[in-house]
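The values are calculated or read from the model by the stated rules, or taken from the named source; none is laboratory data. None of these values were measured; they are calculated from a predicted model. Don't worry about glycine lacking a Cβ; one is built from the backbone with ideal geometry, like all the others, and counts go over all protein chains shown. For accessibility, only protein heavy atoms count, side chains too; no ligands or nucleic acids. Shrake-Rupley method; radii C 1.70, N 1.55, O 1.52, S 1.80 Å.
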Amino acid sequence: MNYTVSEVKDCLEQEDVSFIRLAFCDVYGRQKNVSIMISELDRAFESGIAFDASAIKGFGSEEKSDLFLFPDPSTLAVLPWRPSQGKVVRMYCDIRYPDGTPFEADCRKILKDAVAYADEKGYSVSFGPEHEFYLFRTDDEGYPTKIPHDRAGYMDIAPDDRGVNVRREICLSLSEMGILPEASHHEEGPGQHEIDFKYSDPLSAADNSVTFRSVVSAMAEQYGLYADFSPKPLPEESGSGLHMNISVESKSGEDCLDPFMAGILNRIAEITAFLNPTEESYRRLGSKKAPKFITWSEQNRSQLIRIPAGSRRMELRSPDATANPYLACALLIYAGIEGIEKGMTPPPPTNANLFRAVPKDFDGIKTLPLSLGEAMKNAGGSEFVKSVIPKRVIDIYASCKA
């Protein structure tokens, strides 16, 4: 979907739309929105819709609280679970100050700048996220419990897999919104699921990740369930990751995956605070196929980076869904491009199973940060992070942990 402003107006009239959700994310990637009537659409495009920034953590203070939302018409999507008459659509927005200048903590803008930087250097990067999540039962009042929806395991089928119909509705809703699911299945944990969608440009991948979470949550609620994206909701079971499949192409045609990967490996300890921004994130890392060491290998799922068989792409396995996908993609782009520009070479692959290795096998191998505090210390002292992420955003992460 790549609508213009005039096409948006035509579409809304034809689709019997009554409400427009203007969506954006806070610095932690949590979706927010304000609904307007169709009569306010011209004002939204021309002068923006104001909101109270002081009510969103890190966005502003009471004395300077006005920010404005400007919808991006290319992100128009009908919400398929809303009424068929008086439909509801959603558009993601750019955030600006009253004078029209971009808001520096608008993470969507940060990612746009990263994409433009890569393009200027002659590279294009694509992302294919893999989202894992749990489905839990709710109590009599509709509040979530920690009781899994089923006790099925990896790629089990119905009737053991009780989530098959929920996943079906999720995939159909995503398809209606222009997001094409590639695969879906039950994961290893009880009540745990995974849905992957096709590669796309970084901004679309980040927008789709935010949309994905809202669709999964909405479909789960319709089935009387609660969708949990937290990294380690059940201490003894598999954690939920947001694996990032990444490919990079050069306008000159050169194969640049290796130096791109080397750049990410070089900066991963400094950017982990943004890929894994909660204390719970670090209870996931290092157990049940979640990486702990800064290593890579072909096919090996015990590594931080896996190169899938027969492909020229990399799978980064450390991020989880508490990450802001806009910041995550931006940082990975900048780190990877730095690796290419500096001609970095990745270290030799580590082909051992790191979950079964003995202590001597880890000699000389660096680990990811072991806690959020350590990760924030690394990020706060990183000149690289400071060069690509606005100070305001870094300060928010340091002082107002999610």
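Per-structure values
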| read-out | value |
| --- | --- |
| Proximal lysines relative to LYS377, as straight alpha-carbon distance under 17 Å, when same-chain residues fewer than 8 apart are discounted | LYS366, LYS386, LYS391, LYS401 |
| The chain, helix-only ellipticity at 222 nm - DSSP H runs n ≥ 4, -39,500 (n - 2.57), divided by all residues, nearest 500 | -10000 deg cm²/dmol |
| Choice from ILE268, ILE147, ILE365 with maximal GNM fluctuation in the chain (Cα, 10 Å cutoff) | ILE365 |
| Projected label distance in nm at LYS32 and HIS185, using a 7 Å step from Cα toward the beta-carbon | 4.0 nm |
| Karplus (6.51, -1.76, 1.60) ³J(HN,Hα), θ = phi - 60°, over segment 225-230, in Hz, Gly and Pro reported as x | 10, 10, 8, 10, 9, 5 |
| Relative contact order of the chain, defined on C-alpha pairs under 8 angstrom at six or more residues apart (%) | 16 percent |
| Size-normalised alpha-carbon gyration radius of segment 193-234, reference 2.2 N^0.38 Å | 1.31 |
| DSSP-defined beta bridges in segment 208-340 - what % are antiparallel, rounded to 5 | 60 percent |
| Where segment 1-149 is the region considered: accessible area per residue in Å², 1.4 Å probe | 48 Å² |
| Distance (nanometres) between label positions extended 7 Å along Cα→Cβ at ILE147 and TRP81 | 2.1 nm |
| Part-to-part distance (alpha-carbon centres) for segment 99-154 and segment 5-42, which is given in Å | 20 Å |
| Close Lys-Lys pairs in segment 1-152, where close means Cα under 28 Å and separation is 8 or more or interchain | 17 |
| Relative contact order of segment 62-134, pairs being alpha-carbon contacts under 8 Å that are 6 or more residues apart, as % | 24 percent |
| (i) 0.96; (ii) 1.09; (iii) 1.00, with the label sought being that of the calculated Rg/Rh (Cα atoms, Kirkwood Rh) | (i) |
| Centre separation in Å (Cα based) which lies between segment 169-225 and segment 250-318 | 22 Å |
| Burial order of peptide ranges 178-187, 313-322 (average beta-carbon count within 10 Å, highest first) | 313-322, 178-187 |
| Relative contact order, percent, segment 1-126 [alpha-carbon distance under 8 Å, six or more residues apart] | 26 percent |
| Accessible-area composition of segment 114-247, carbon plus sulfur, in percent [1.4 Å probe] | 47 percent |
| For segment 295-310, Karplus couplings with θ = phi - 60° (6.51, -1.76, 1.60), whole Hz, Gly/Pro x | 9, 8, 6, 7, 6, 7, 7, 8, 9, 5, 10, 10, 9, x, 4, x |
| Built amide H within the under 5 Å cut-off of LYS232, gap 5+ | SER240 |
| HN-Hα J in Hz across segment 41-46 - Karplus 6.51, -1.76, 1.60, θ = phi - 60°, x for Gly and Pro | 5, 4, 5, 4, 6, 7 |
| Segment 1-75 - percent of accessible surface contributed by carbon and sulfur, probe 1.4 Å | 45 percent |
| Where segment 219-331 is the region considered: accessible area per residue in Å², 1.4 Å probe | 33 Å² |
